[in-house]
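A quick write-up on the structure given underneath.
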Amino acid sequence: MTVDCVIEDIRWANIEIVAKRGTDATLAHLGFDPEKFEISILACDDARIATLNADFRGKPSPTNVLSWPSDERAAEEDGAMPDTPELPMDAELGDIAIAFETCMREAAEAGKLMEDHTMHLVVHGTLHLLGFDHERDKDAALMEGLETQILGNLGISDPYRDQ
């Protein structure tokens, strides 16, 4: 797996390690060879992600993570698996942006380690690049179930357990 991390905010001290581990674990869990794919991650602050959120989603406020898949892979049927990326043309899966202050605040509010919450957001963003979504009920259940399994395999507790 090639994970290209662009670090705009120096507070993201270990993002490269977390990003590689999270993206690899997500791809491997779904039966893909992580070495055949590329993902770009922007490690930024709330101001930068608020601008991106406004530009791409019309929501001028910070959010924890944004993703831009390189191709539309979402399933037509609620709860179905998305389309599988086809190699070599789909090797570049897309881009993820993650905001430091929002991630830090959410981790503190939930009583979680920053690294664990960051890992969750990397897994979440990678699933979005693969066509998973949480807009419809069955899609959300599928995506959350996968997140829980992948994070569990990494030794991180269920992020939805206390919600």
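A few points about this structure:
- Sequence-distant aspartates and glutamates (8 or more away, or on other chains) whose Cα lies within less than 15 Å of K138: E76, E77, D78, E147
- Of G94, G111, G22, the one that fluctuates the most in a GNM where the chain has Cα springs shorter than 10 Å: G111
- Rounded if a/c under 1.5, otherwise prolate or oblate - the stretch 1-77, Cα gyration tensor axes: oblate
- For the stretch 76-161, applying the loop criterion from DSSP together with a ceiling of 14 other beta carbons within 10 Å to the chymotrypsin sites (Phe, Trp or Tyr not before Pro) yields Y160.
- Whether the chain is rounded, prolate or oblate, judged on the alpha carbon gyration tensor where a/c under 1.5 counts as rounded: rounded
- Sum of -39500 (n - 2.57) over DSSP H runs of 4+, divided by residues of the chain (222 nm, nearest 500): -14000 deg cm²/dmol
- In this label model, S157 and A91 are separated by 4.1 nm, measuring between points 7 Å along each Cα→Cβ vector.
- Taking the chain and dividing mean pair separation by its residue count, relative contact order in percent (alpha carbons under 8 Å, at least six apart): 24 percent
- Dipole check for the chain: with +1 at the C-beta of Lys and Arg, -1 at the C-beta of Asp and Glu, and the Cα centre as origin, the magnitude is about 460 Debye.
All of the numbers you see were taken from the coordinates with simple rules; none came from a lab. As the structure is a computational prediction, the values presented were derived from the model and not from experiment. Reconstructed Cβ throughout: ideal geometry from the backbone, glycine too, with neighbour counts over all protein chains shown.
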